[in-house]
1. Taking loop as defined by DSSP and a crowding limit of 15 other beta carbons within 10 Å, which trypsin sites (Lys or Arg not before Pro) in the stretch 29-85 fit?
2. If I take every Cα pair under 8 Å that is 6 or more residues apart in the chain, average their sequence separation and divide by the length, what percent do I get for the relative contact order?
3. Among D54, D66, D17, which one shows the highest mean-square fluctuation when the chain is modelled as a Gaussian network with alpha-carbon springs under 10 Å?
4. So, in nm, how far is label H19 from label M1 when the simple model puts each one 7 Å beyond its Cα toward the Cβ?
5. What do you get for the angle between helix 62-73 and the principal long axis of the chain? Use alpha-carbon atoms, 0 to 90 degrees, nearest ten.
6. From the list (1) 3, 15, 26, 26, 16, 7, 3, 3, 1, 0; (2) 3, 14, 26, 26, 20, 9, 1, 0; (3) 3, 16, 30, 29, 17, 5, 0, can you say which value of P(r) over Cα pairs in 5 Å bins from 0, in percent was derived from the structure given?
7. Local charge sum around G40 (other residues, Cβ-Cβ under 13 Å, Lys/Arg +1, Asp/Glu -1)?
Amino acid sequence: MITYQDFLETFNAISQDYHAWGTGRGGAAVVVAIVSNYTGEMAASLRADSLAWDFKESSFNSKELDLMSKLAGNMPEFRGEINDD
């Protein structure tokens, strides 16, 4: 199982084109957003209550997509909290 914190740390370490950040908010709000380093636009987001990413772009590499699928496949109640201090 992968937590939000694990995802954010790992995704940001492997991605050259995007960066991920967490809002620290639960419920139906977007909890994880992935933003393009080139355009500053949101490329994908995952809501706290969702098992699927909302994609705005689709140019992620296989390592990024694999990590994203692991987070989305983890039940929301097991993803932990986001420390956005």
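Taken together, the values in this text are just the output of simple stated rules run on the coordinates, not laboratory data. In this text the structure is predicted, and so the values were computed from the model without any measurement. Reconstructed Cβ throughout: ideal geometry from the backbone, glycine too, with neighbour counts over all protein chains shown.
1. Values: sites: R47, K56, K63, K70, R79; in loops: K56, R79.
Counting only loop positions with at most 15 other Cβ atoms within 10 Å, the trypsin sites (Lys or Arg not before Pro) in the stretch 29-85 are K56.
2. Working: 149 pairs, mean separation 28.9, N = 85.
Relative contact order, the chain: 34 percent.
3. Sorting by GNM fluctuation, first place goes to D66.
4. Taking the simple label geometry, H19 and M1 are separated by 3.0 nm.
5. Roughly 20 degrees, rounded to the nearest 10.
6. It is the value labelled (3).
7. Details: positive: K56; negative: D17, E41, E57.
Every neighbour counted, the sum reads -2.
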